[in-house]
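Comments concern the structure below.
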Amino acid sequence: MAVITTKYDIGDTVWYANITTTTKHHDCPDCLGSRKWTCESPAGGTFEVDCPRCSVSYQSHDALNLKYSIWVPTARCLTIGSVRADTSEDGHQYMCLETGVGSGSIYRENTLFETQAEAMASAQVEADANNADGEGWVAKQYDKTASFSDYQLKDAVMAAAESRASSALYACGYLLDDLDNAESLEDVRNTMAAWREKQAA
Ligand SMILES: [Zn+2]
């Protein structure tokens, strides 16, 4: 008879390493961090209003948005409720009292640790890797929000419009090059359809 040992037993307290995202802001070039603007009315009254660049909860204009997300580590204290031994590469799995036994979350052994510090350290490695992944949405969003974050409000609007106009011009140039090389009307139609699809994406 084989005896399989697992790292944890029913009733053990463990720390689950995981990652989540949190929202950060680039420094606001408009209010310099005060989140307030002082405004003067035509009648001469002076008011404080929330900075329209960084205090609004919904920012429809991409170029003005200073918010971005990053991955951060988390560690949750759990109590082992059931153990599923698995000698394959996937490793042993556990279910915990706090999140359901029988039905609920399943935790792989390599995500559970004896101390909070160990779980946080492991999760930090994963968070760092995700943040550094240039193909990930977090890195892409950061680059996008960083591109105009140094510009003040009115310059950011202008710079974003110029950037859009110049990309449109390049896109048209590439289309014309492709059309120059087209050999048939069908070729022309396909090239244009592909270009429109790309623009809409
Ligand atoms: Zn601001």
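The values are calculated or read from the model by the stated rules, or taken from the named source; none is laboratory data. In this text, all values refer to a predicted model and were calculated from it rather than measured experimentally. Cβ coordinates were reconstructed from backbone atoms using ideal geometry, including for glycine residues, and neighbour counts include every protein chain displayed. The accessibility values were calculated without ligands, DNA or RNA, using every heavy atom of the protein model including side chains. Shrake-Rupley method; radii C 1.70, N 1.55, O 1.52, S 1.80 Å.
Here are the numbers for the structure shown:
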read-out	value
Matching residues, the range 177-189, being under 40 Å from the mean Cα position of the chain (by Cα) and surrounded by 11 or more Cβ atoms within 10 Å (Cβ to Cβ)	ASP178, LEU179, ASP187, VAL188, ARG189
One residue from LYS7, LYS67 being within 16 Å of the ligand (Cβ to nearest atom), open to solvent by 50 Å² or more (accessible area, probe 1.4 Å) and within 30 Å of ALA123 (Cβ to Cβ)	LYS67
From the options SER82, SER147, SER122, SER166, residue that is free of Cβ contacts under 8 Å to residues at least 12 places away in the same chain, hydroxyl-bearing (Ser, Thr, Tyr) and open to solvent by less than 90 Å² (accessible area, probe 1.4 Å)	SER166
